[in-house]
Amino acid sequence: MSVPVFLSDAAGQAADTIVLDGPEGRHAAAVRRLRPGERIDLTDGAGRVAECTITAAGRDSLTAEVLRRFEVPPPRPRLVVVQGLPKGDRGELAVEMMTEAGVDVIVPWAASRCVTQWKGDRAAKALARWRGTAREAAKQARRFHLPVVTEQATTTAVGSLVSAAALAVVLHEEAAEPLSRLPLPEEPGDIVVIVGPEGGVTDEEIATLRAAGATPALLGPTVLRTSTAGVAAAAVLLSRCGRW
C-alpha cells in the first residue's frame, strides 16, 4: 500500500515536528483514521516533501515527526491541456484523469460550441470544483507538484499560449497527421494540447489557432468524448517525451 500524501505548507519548513490540522488533518485523522506509527508524506504542492511518521493523533489533527526532507524538480517538458468546457460533471472527470496522468496545467476554454457557459457566480463555483478535483486527484496520484488550473480562457488567450509554446496541437477529427507521429520539439518549452467541446472546434477557431502556430492532429481512429480526449492525448505525449 502506498504512503498517503497530504498537503501542508510546513513540508518546506525546518521544524522536526509538524502538526497537520485543518481540512487535511481532519481527513487524515477522522476519515483515513491514521494512527501513531504510520507513515505519511507531506508536500507543499510545489515540490517540497517531508517524509514523516505519525507520533500522535487527535480527533481532527495529527502530529508527525519528520524523517527526512527532499525536493522534487518540476517535470519537463511541461504539458498544458486546454480543455473545452464539457457538459455536467464531465469537466471534473476530465480534470481528475488528466491530473492522475501528469498534466501540469489545465486551461478551461470557453470555445464557441461549448454548451456549458461559465458566467458570474457559476464561473467561480465551477472553477473551484475543478481546482478542488485537481488537488484531491494529485494527492491520490502522489504528485508533489499540484497541477495549475487557470482562469477560464478565451480563444484569443489560447492563441497566446500557442504562440509561446514549443509545440502546440489542436485535436481535430479531420486532421491528416496523427498525434503519435508529430515531431517533438528539440528546444525546451511547453507542449500545449487543445481539446474542443462536445460540438467540436469551429473553422474560425481552427484558423485562429493555426495562425498562432498550432498543428491540427488526429488522436486516433475512434471518436472520444471531450472529457477523455485530453487524458488520451496526454498519455501519447508523456510517453513520447520520456516522462512516462
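The values are calculated or read from the model by the stated rules, or taken from the named source; none is laboratory data. No experiment lies behind these values; they were computed from the predicted model shown. When we count neighbours, we look across all protein chains shown, and the Cβ atoms used for this are built from the backbone with ideal geometry, even at glycine. Ligands, DNA and RNA are stripped out before the accessible areas are found, and what is left, the full protein with its side chains, is counted by its heavy atoms. Shrake-Rupley method; radii C 1.70, N 1.55, O 1.52, S 1.80 Å.
Using only the heavy atoms of the protein chains and a 1.4 Å probe, how would E51, E71 rank by accessible area, largest first?
E71, E51
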Checklist entry - Roughly what would the spin-label model give for Q140 and L93, points 7 Å off Cα along C-beta, in nm? => result 1.3
Checklist entry - How would you order 91-98, 63-70 from highest to lowest mean count of nearby Cβ atoms within 10 Å? => result 91-98, 63-70
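Contour minus end-to-end for S2 and A30, with contour as 0.36 nm per residue of separation and end-to-end as the Cα-Cα distance? Write down the numbers at each step before the final one.
Working: separation 28, 0.36 × 28 = 10.08 nm, distance 1.92 nm.
Here the answer is 8.2 nm.
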Checklist entry - So what's the gap between the Cα centers of region 100-140 and region 189-244, to the nearest angstrom? => result 17
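Give me the 1.4 Å probe accessible area per residue for the chain, excluding ligands and nucleic acids, in Å².
Working: 12070 Å² over 244 residues.
Accessible area per residue, the chain: 49 Å².
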Next on the checklist: Please compute the length gained on full extension between L184 and R39, using 0.36 nm multiplied by the number of residues separating them and subtracting their Cα-Cα distance.
Outcome noted: 48.2 nm
Checklist outcome for this item: Across W130, W118, W109, the residue with the highest GNM fluctuation in the chain (Cα network, 10 Å cutoff) is W118
Item to check | Candidate lysines - alpha carbon under 28 Å from K139, same-chain residues fewer than 8 apart omitted | outcome: K87, K125
Checklist entry - So how far apart, in nm, are the two label points at V115 and R210 if each is 7 Å from Cα heading toward Cβ? => result 2.8
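Once fully extended, how much extra length lies between Q13 and E65, figured as 0.36 nm per residue of separation less the alpha-carbon to alpha-carbon distance? Write out the running numbers ahead of the final one.
Values: separation 52, 0.36 × 52 = 18.72 nm, distance 1.28 nm.
My answer for the length gained is 17.4 nm.
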